[in-house]
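J.: Structure in C-alpha cells, see below.
Any read-out appearing in this document is the output of simple, stated calculations on the displayed coordinates, not a laboratory observation. Everything numeric here is computed off the predicted structure, so don't read it as measured data. Every residue, glycine as well, gets a Cβ built from its backbone with ideal geometry; the counts of neighbours run over all protein chains shown.
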Amino acid sequence: MNFADLGLSPEVLKAVGDSGYDTPTPIQEKAIPYVLMGRDVLGTAQTGTGKTAGFTLPMIDILASGQAKARMPRSLILEPTRELAAQVAENFENYGKYSKLSMALLIGGVSFSDQEAKLDKGADVLIATPGRLLDHVERGKVLLNGVKTLVIDEADRMMDMGFIPDVERIVALMPPLRQTLFFSATMSKEMRKLADKFLINPKEVSVSPPTAMAATVTQGLLMVEKAEKRPALRRLLQKEEMKTAFIFCNRKKDVDILHGSLVKHGFSAGALHGDLNQAQRTETLDKFKKGEIKLLVCSDVAARGIDVSSVSHVFNFDVPSHAEDYIHRIGRTGRAGMEGHAFTIATKSDAKYLEAIYKLVGMKIPAITVDGMEEIAEEASEIAAREKRTSSRGTKTGRSRSVSSKKEAPKESSSRKSAEPSRAAEVTVKDKPPSAERTRRPRHANDEGDTQVVGLGDNVPAFFKIPFRKSAEK
Ligand code: AMP
C-alpha cells in the first residue's frame with residue numbers, strides 16, 4: 001500500500017512526498033481511511049509509530065473545506081506536554097504547506113499575547129496543552145463550541161500527569177456532535193472507560209508497541225556501588241563510540257548535578273527538565289539536535305515523543321522506577337532500523353525495579369563490565385570522603401547534610417552556565433495571569449516534584465520562544 005491509496009488529497013500527498021515518505025506506517029494505513037470517513041477512532045499506538053501523521057494528514061483534508069472564525073477554532077489537538085504540542089505543530093506546518101490552513105499553538109511558558117492574536121484571527125486548528133487552553137478559555141479568548149474534530153493524544157500520559165479533569169472540562173465545552181480521535185500508548189481498562197466517555201462507536205485501531213527496537217538496540221547493565229555511578233558513567237561515555245546520547249536521571253535535581261559534573265569533566269553536555277524555562281529548553285534541544293551538544297542529561301518526559309533521530313546511545317543513570325519508562329527511554333535510540341545502544345547503571349537497591357523491567361520486556365538485561373573498575377572504586381571512595389568532609393563541616397557549622405550537598409551544586413551549575421549561557425535574563429514577563437490562575441489548579445503540569453521525574457524541552461518554532469512566566473507553568 002502507498003499513501004495515494006488512502007484517499008488523501010493531492011496537496012497532502014505532495015507534502016508527504018516532500019517529506020520523503022512513500023509508504024504509510026501501519027497506524028497510518030489503519031487510521032487514515034476511517035478519519036477521512038468522519039468516524040471516531042480509538043487508537044492504541046505509541047510515539048514513534050507515525051501516529052502524528054496518522055491524524056494530521058486526514059485532518060488537513062477535513063479542514064480544507066470551511067473557514068475559521070475569530071476565537072472559534074474548528075479543530076483541537078490536545079497534547080500532554082509543550083514539547084509534543086510543538087512537535088505536532090511542526091507536523092501540521094510540514095504536511096499542511098500546500099493547504100492554506102491557520103494554526104495556533106497554545107502552550108505554557110510563552111507569551112499569551114501572540115497566542116491571543118492568532119486566536120483573534122481565527123484558527124483552523126488549535127494545538128494545545130490542557131492547562132494553557134483553559135487559561136485562554138477563562139480569559140474569554142477562545143470558544144470551543146465550533147470544534148468539529150478533537151484529538152486527544154497520549155491519553156495515558158495525560159492521565160499520569162493528572163490532566164484528565166482538565167480534559168473533561170475542555171470536552172464539556174465542545175459540541176457533542178463532533179469527530180473524536182483518541183490515542184493512547186496503552187489501552188488499560190481505565191483508558192477504555194475514559195474513551196467511552198468521549199467517543200461514539202469508534203473504529204478501533206491498534207499497532208503493537210515497537211518491540212522491534214530491541215532487535216536493533218544493544219542493551220547492557222552495569223552493576224556498581226552508589227558512589228561509583230558517576231565515575232562508571234564517565235568510563236562508559238569514554239569507551240563508547242557515540243554520536244549523541246540521552247542520559248536519564250530519575251530526579252530533576254540529579255539531572256542538574258550530573259550535568260554539572262559532566263561539564264566539569266569536559267563532556268559536551270546539556271540538561272533538560274521542567275524547571276528550566278522554555279527558551280532554555282528549546283535552545284538546549286536545538287543544540288542537541290544539531291549535534292552541538294553530544295549528551296543530553298534529562299528526565300523522563302524526554303522519553304515520550306521527543307523525536308530526535310540518530311541518537312546512538314541511551315544511558316540510564318538511574319534505573320527507572322516505572323518499568324514502562326525503560327521501554328520509552330531506550331526507544332529513543334535504534335530508531336528507523338538504525339543501530340542503538342542502551343546502558344543501564346544500577347545498584348543493589350534497584351533490584352525490584354530491574355525485576356519489574358525484566359518482567360515487562362520478557363528478558364534480562366545482559367550484564368556488562370567496564371575496564372578500570374578498581375580506579376572507579378577509588379574515585380568513588382574519594383568522592384565519598386569529600387562528601388563526608390563537606391557534610392561534617394556543614395554539621396559543625398550547624399548546617400544540615402542537605403544544605404552542604406546543595407553547596408556543591410552552585411559550583412557545578414556555574415560551570416554549566418559558562419558552557420551554556422542562560423537566556424533567563426533576556427526574558428521579560430509580558431502577561432500576568434488572572435489571579436485565580438495562580439490558585440486554581442494544583443499545576444500537575446510540567447510537573448516535577450522532586451520525587452517524580454519530569455521535564456524536557458523540544459524545539460518550538462522560533463516565534464514561540466518568547467517570555468517565560470514561571471507562575472503560568474506551575
Ligand atoms: P510519530 O510516531 O508521529 O512521533 O512519528 C515518528 C517518526 O516517524 C517521525 O520522525 C515521523 O516524521 C516519521 N514518520 C511518520 N510517518 C512516516 C512514514 N510513513 N514513513 C517513515 N517515517 C514516518
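J.: Quick one: which residues, 5+ away or cross-chain, put their amide H under 5 Å from the amide H of Gln179? H built at 1.01 Å from N.
T.: It is Thr149, Leu150, by chain and number.
J.: Also, quick follow-up: To the nearest Å, what is the center-to-center distance of the range 108-161 and the range 62-95, using C-alpha atoms only?
T.: Going from one Cα centre to the other spans 9 Å.
J.: Still on this structure: Just to verify a number: FRET efficiency for Val137 and Leu177, C-beta to C-beta distance, R0 = 25 Å, to 0.05?
T.: Efficiency computed from Cβ-Cβ geometry: 0.80.
J.: Let me ask you something else. Assign one of three labels to the range 217-380, namely rounded, prolate or oblate, based on the Cα gyration tensor with a ≥ b ≥ c the square roots of its eigenvalues; rounded applies when a/c is under 1.5, prolate when it is not and a/b is larger than b/c, and oblate otherwise. Write down the numbers at each step before the final one.
T.: Numbers: a/c = 1.45, a/b = 1.17, b/c = 1.23.
Note, shape of the range 217-380 comes out rounded.
J.: By a straight-distance test (C-alpha under 13 Å), which aspartates and glutamates pair with Lys97 as possible cross-link partners, with residues fewer than eight away in the same chain excluded?
T.: Correct list for Lys97: Glu11, Asp18, Asp61.
J.: Hey, another quick one. Would you mind checking Lys239/Lys264; Lys239/Lys359; Lys148/Lys203; Lys252/Lys294; Lys252/Lys290 for any pair whose Cα atoms are more than 26 angstrom apart?
T.: Numbers: Lys239/Lys264 18 Å; Lys239/Lys359 30 Å; Lys148/Lys203 18 Å; Lys252/Lys294 19 Å; Lys252/Lys290 24 Å.
Among Lys239/Lys264; Lys239/Lys359; Lys148/Lys203; Lys252/Lys294; Lys252/Lys290, the Cα-Cα distance tops 26 Å for Lys239/Lys359.
J.: Would you mind pulling out the separation of the Cα centroids of the range 24-42 and the range 369-392, in Å?
T.: 55 Å
J.: Points 7 angstrom from Cα along the Cβ direction at Asn94 and Glu190: gap in nanometres?
T.: Once both label points are built, they end up 3.2 nm from each other.
J.: Hey, another quick one. Is the shape of the range 3-206 best called rounded, prolate or oblate, per the rule: a/c under 1.5 gives rounded, else a/b larger than b/c gives prolate, else oblate, with a ≥ b ≥ c the square roots of the Cα gyration tensor eigenvalues? Display every interim value, and only then the final one.
T.: Numbers: a/c = 1.55, a/b = 1.12, b/c = 1.38.
Oblate, because a/c is 1.5 or more while a/b does not exceed b/c.
J.: Another one. Starting with the highest mean, order 190-197, 91-98, 267-274 by the number of other Cβ atoms within 10 Å, averaged over the residues of each peptide.
T.: Order by mean packing, descending: 267-274, 91-98, 190-197.
J.: Quick query: amide H of Met174 versus all other amide H atoms, modeled in the peptide plane; which residues come in under 5 Å with a sequence gap of 5 or more or a different chain?
T.: Distant-sequence amide H within range of Met174: zero hits.
J.: Given contacts defined as C-alpha pairs under 8 Å and at least six residues apart, what's the relative contact order of the range 217-380, whole-number percent?
T.: Values: 283 pairs, mean separation 58.9, N = 164.
This gives 36 percent for the range 217-380.
J.: Moving to a separate point now. Give the residue list of trypsin sites (Lys or Arg not before Pro) in the range 251-293 that are DSSP loop and have at most 11 other beta-carbon atoms within 10 angstrom. It would help to have the intermediate numbers written out before the result.
T.: Working: sites: Arg251, Lys252, Lys253, Lys264, Arg281, Lys287, Lys289, Lys290; in loops: Arg251.
Here no loop site has a sparse enough neighbourhood.
J.: Sorted by average packing, counted as other Cβ atoms within 10 angstrom per residue and highest first, what order do 51-62, 315-326 take? Write out the running numbers ahead of the final one.
T.: Numbers: 51-62: 24.8, 315-326: 21.6.
Ranked by mean Cβ neighbours within 10 Å, highest first: 51-62, 315-326.
J.: Only Lys, Arg, Asp and Glu count, each charged at its Cβ (+1, +1, -1, -1), so figure out the dipole size of the range 3-206 about its Cα centre, rounded to 20 debye. Working shown, then result.
T.: Values: 24 positive and 26 negative charges, 121 e Å.
Dipole size: approximately 580 debye.
J.: Also, quick follow-up: Could the peptides 338-346, 110-118, 376-384 be put in order, highest first, of the mean number of other beta-carbon atoms found within 10 Å of their residues?
T.: Values: 338-346: 21.0, 110-118: 19.0, 376-384: 16.0.
In decreasing order of mean packing, 338-346, 110-118, 376-384 become 338-346, 110-118, 376-384.
J.: With a Förster radius of 41 Å, plug the Cβ-Cβ distance of Ala64 and Ile368 into 1/(1 + (r/R0)^6) and report the FRET value to the nearest 0.05.
T.: On the way: r = 53 Å, r/R0 = 1.30.
Efficiency at R0 = 41 Å is approximately 0.15.
J.: Moving on to the next point. So what is the relative contact order for the range 3-206, in percent, with contacts set as C-alpha pairs under 8 Å and at least six apart?
T.: Values: 374 pairs, mean separation 58.5, N = 204.
About 29 percent, as a whole number.
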